[in-house]
Amino acid sequence: MLTKEDIEFFKSRSKIIQVKKNNFFVKENETCNYIGIVQSGTLYGYYEDTDANFIVSELYSKQSLITSYRSFLTDIPSPAFIKAYTDAVIAVIDKSDYLKLIKLQPWTYIFKKFSDQLFINKCFKETALIKLKAKDRYLELIRNRKQIEQEFPQHLIASYLKIRPETLSRIKSLDLYQDRK
């Protein structure tokens, strides 16, 4: 996990970009040139399927690592969009600075922590989708990200959990009813 010191070290060399609500950090088929940490605001990553439905792959809020990592590392176009849900401020390092900094010992350590955290996040989500029922995925999400329901609308959370919004409503109402007993 990244510590406060790691984040401050990263910010000391980063630049600040602002992404206005409904604008993109990166679009599908564009190369992602940044890796960053969200300072404020919220964004979400999503894919569009062949029927133009969008499927949320990630929800980014304060202190989230943000990038289309495959695109950033390989210079191939991003398979997904990352869009601002609210105005967002992000501390970023661009690819050319990354390539210079990665050769320096303290930065190698920080970027290793970045890649580890991104990989761990992906593994936890993948495992949850395979092993947990919808209700358990929801409970795990709100346990790990306590402000998620204040930061994002239900339809984005439902898509992230790979369930329909109606299913999420049902899960939430059942929990409320059971809590009253």
- Item | Selection of trypsin sites (Lys or Arg not before Pro), region 105-150, meeting DSSP coil and at most 12 other Cβ within 10 Å | Lys133, Lys146
- Query: Near the amide H of Ser40, under 5 Å away, which other amide H atoms are found, from residues 5 or more places off or on another chain, if H is placed in the peptide plane?
  - Reply: Val89
- Global geometry of the chain, whether rounded, prolate or oblate, following the gyration tensor of its Cα atoms and the 1.5 cut on a/c: prolate
- Message: Taking a cut-off of 17 Å, what percent of all Cα-Cα pairs in region 132-181 are separated by more than that?
- Response: 29
- Size of the dipole of the chain about the Cα centre, Lys and Arg at +1 and Asp and Glu at -1 on the beta carbon, nothing else charged, in debye to 20? 460
- Message: Based on alpha-carbon centroids, what's the gap between region 94-123 and region 18-45 in Å, whole number please?
- Response: 18
- Task: Determine, for each peptide in 96-109, 31-44, the mean count of other beta carbons within 10 angstrom over its residues, then list the peptides with the highest first.
- Result: 31-44, 96-109
- Message: For Ser57, what residues show an amide H to amide H distance below 5 Å, using hydrogens built from the backbone and excluding near sequence neighbours?
- Response: Gly45, Tyr46, Tyr47
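Every read-out reported here was derived from the displayed coordinates using simple, explicitly stated rules and does not represent laboratory data. What you are looking at is a predicted structure, and each value in this text was computed from that prediction instead of being measured. Backbone-built Cβ (ideal geometry, glycine too); neighbour counts: all protein chains shown.
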